[in-house]
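Taken together, the values in this text are just the output of simple stated rules run on the coordinates, not laboratory data. Worth saying up front: this structure is predicted, and the values here are computed from it rather than measured. Glycine gets a Cβ as well: all are built from the backbone with ideal geometry, and neighbour counts include every protein chain shown.
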Amino acid sequence: MVERLTGAARDAALATLTGWTAVSGRDAINKTFRFPDFNAAWGFMTRVALQAEKQDHHPEWSNVYGTVDITLTTHECDGLSERDIRLAAFIDRVAGA
């Protein structure tokens, strides 16, 4: 079972991330990434998708040309979990953030 992050553990986990913001009305985090063109955005999404499959944890996302908007939450626990933190850290590394 996946456990929801709460209290000090949640605060410590979120402190390891940069630029991710809380989603209003949900226990989720969001970040928008901008790339020079569609090709760069799609390449980024492909790398994230491959890692998401490996982790069996998939983002909620949208893409318009060079912009990719990503929301992370864990549906099994109805909130943020370590899965989200790990995937967010990977996403930031891939984006060069």
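Below are the figures for this structure:
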item: For the chain, built as a Gaussian network whose Cα springs stay under 10 Å, the top-fluctuating residue of ASP11, ASP78, ASP27; result: ASP11
item: Pairwise FRET efficiency - ALA8 versus ASP69, Cβ, R0 = 22 Å, nearest 0.05; result: 0.15
item: Per-residue [θ]222 nm for the chain (sum of -39500 (n - 2.57) over DSSP H runs n ≥ 4, rounded to 500); result: -13500 deg cm²/dmol
item: Degrees separating the helix 82-95 axis from the principal Cα axis of the chain, which is the longest one; result: 20
item: Distance between modelled label sites at PHE90 and ALA15, nm, 7 Å Cα→Cβ extension; result: 2.6
item: Relative contact order (%) - criterion: Cα under 8 Å, at least six apart; region: the chain; result: 35
item: Cα-based helix-to-principal-axis angle, 38-55 vs the chain, degrees rounded to 10; result: 30
